[in-house]
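Just below is one structure, and these are the notes that go with it.
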Amino acid sequence: MQFIDLKTQYEKLKKEIDVNISSVLNSNQYMMGDFIKQLERSLAEYVGTKYCITCANGTDALQLALMAWNIKKGDAVFVPSFTFYATAEVVSLLGATPIFIDSDSQTFNMDAMKLEKAIKDILNTSELKPKAVIPVDLFGLPADYENIKKIATKYDLKILEDGAQGFGGSYQNRKACSFGDISTTSFFPAKPLGCYGDGGAIFTDNIDYYDILKSLRIHGKGSFKYDNIRIGLNSRLDNIQAAILLPKLKAFSDYELKDRNEIAKEYTKKLHNYATVPYIPKNTISSYAQYTILLENEETRNSLKECLHEKGIPSMIYYPKPLHKQTVYKDYNFNLNELNVAEDLSKRCLSLPMHPYLRSEQIDFICQSVIKELLVIRSNG
Ligand SMILES: *Cc1c(COP(=O)(O)O)cnc(C)c1O
């Protein structure tokens, strides 16, 4: 059994994907071609933003957005602690200071009340200038944009939505990757919409950001490639990846997102009496980048993972260490917040196999195994 079964997906979409790839190979145009233009149009239309800029990966997408806002040393950028490292890494890379915010215990996303407290603390106790907040749509669930937007407006912060896992989700009838002043996603193979290598995209409604981002993506170009007007990156998506993503995007919007949600519903129905299952707030749809359950403690979580492994069921711990506990941030002085929820989640979370091609007999087998092992572990404890 695969944790994410990309091979079954390829077999299903093989004809279209192969035709598209060979058309790139025969075209003599490997960068910035028609597939890129088509993909950017389709992505913007799907998400509901005016503009989309594809780029080399989801980490660059975040970095390019912060560069477009000239985020630099002396700036504070608020990020969740319970996320993938890239969200904070790009802030540090630009010399700015990531301020870690705790998670909401139900949604696992950034806790908006703790965000406001941290902004006040930074204003009162440091020289740092609060500039931006990066909410993450963790495991596919859009963050609490209603409250985060109010706070961002009050303190004049820009919102950069990290939708690397959120693509396809929605909140109050708006799609993920449309909530930020700039929003980003990743097409790393394991993400809800993945390519066969690295890839990413940036979304915005703001034409000034769009123009700057297009320049930053290609070495800070001006009116043409050898006119360099700012320091940028080399961060294009290649045509082959765009050619792969177009049929995958169609499958994603036609049935994969729906199937992911059906599978999650099935998991929840079977498991909710035995473990804490994902909480989906009202008017919210998750893209279920992960289906993550919580166990009562670290021991039970670790034993369950081990038992499932012995039965050939892969499971993953996203994330075993919150960012404020990472070695890279060990000498770091800006942990003003208590980050108890992030620490607790990292000890108790376990992600089960999740992809749109999971069959019902596989879901049954996984759930029966989880329940059986939990009963054994709990009776021994
Ligand atoms: C995967 C991921 C990224 C980085 O995307 P890459 O394409 O791997 O660079 C950033 N943020 C989050 C939350 C992610 O899950």
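Annotation for region 204-242: chymotrypsin sites (Phe, Trp or Tyr not before Pro) lying in DSSP loop with at most 15 further Cβ atoms inside 10 Å of their Cβ are 224, 226.
Counting only DSSP beta bridges with both residues in the chain, the antiparallel share comes to about 60 percent.
Computed over neighbours whose Cβ is under 14 Å from that of residue 327, the net charge equals +1, Lys and Arg +1, Asp and Glu -1.
On full extension, the segment bounded by residue 331 and residue 174 gains 52.5 nm, given 0.36 nm per residue less the C-alpha separation. In this rough spin-label picture, where each label sits 7 Å from Cα along the Cβ direction, the residue 269-residue 50 distance is 4.5 nm.
So how far, in whole Å, is the C-alpha centre of region 187-264 from the one of region 280-335? About 27 Å separates the Cα centre of region 187-264 from the one of region 280-335.
Sum up the charges of everything whose Cβ sits under 13 Å from the Cβ of residue 16, counting Lys and Arg as +1 and Asp and Glu as -1, but leave residue 16 out.
With Lys, Arg at +1 and Asp, Glu at -1, the neighbours total +2.
Beyond 20 Å in Cα-Cα separation lie the following of the pairs 114/149; 191/325; 120/149; 72/129; 154/214: 191/325; 154/214. Take the Cα of residue 206, go 7 Å toward its beta carbon, and the backbone nitrogen atoms of region 75-96 under 16 Å from that spot belong to 76-78.
Largest GNM mean-square fluctuation among 327, 284, 87, using the chain with Cα springs under 10 Å: 327. Each peptide in 28-37, 55-64, 164-173 was scored by the mean count of other Cβ atoms within 10 Å over its residues; highest first, the order is 55-64, 164-173, 28-37. Sorting 161, 361, 146 by the number of Cβ atoms found within 10 Å of their own Cβ, with the fewest placed first, yields 361, 146, 161. For the chain, a Gaussian network of Cα nodes joined below 10 Å ranks 320, 135, 356 by mean-square fluctuation, and the top entry is 320.
Neighbours of residue 348 by Cβ distance under 9 Å: Lys/Arg scored +1, Asp/Glu scored -1, total -1. For the chain, dividing the convex hull volume of the Cα atoms by the residue count gives 136 Å³ per residue. With 0.36 nm allotted per residue and the present C-alpha distance subtracted, the residue 246-residue 146 stretch has 32.9 nm of extension available.
Residue separation of residue 1 and residue 255 scaled by 0.36 nm, minus their Cα-Cα distance, works out to 89.3 nm of gained length.
What FRET efficiency do you get for residue 10 and residue 125 if R0 is 56 Å and r is their Cβ-Cβ distance, rounded to the nearest 0.05?
On the way: r = 53 Å, r/R0 = 0.94.
Efficiency, rounded to the nearest 0.05: 0.60.
As a test, work out the antiparallel percent of DSSP beta bridges whose residues both lie in region 60-167, rounded to the nearest 5. Taking every DSSP beta bridge within region 60-167, about 10 percent pair in antiparallel fashion. Take every pair of alpha-carbon atoms less than 8 Å apart whose residues are at least six positions apart; their mean separation over the length of the chain yields a relative contact order of 22 percent. Cβ-Cβ distance of residue 93 and residue 371, R₀ of 41 Å, FRET efficiency by 1/(1 + (r/R0)^6): the value works out to about 0.40.
When the chain is treated as a GNM with alpha-carbon contacts under 10 Å, the residue of 128, 115, 160 showing the greatest mean-square fluctuation is 128.
Read-outs: derived from the displayed coordinates by stated rules, not from any lab. Predicted model only: the values in this text are computed from it and were never measured. As a convention, Cβ positions derive from the backbone with ideal geometry for all residues, glycine included, and neighbour counts pool all protein chains shown.
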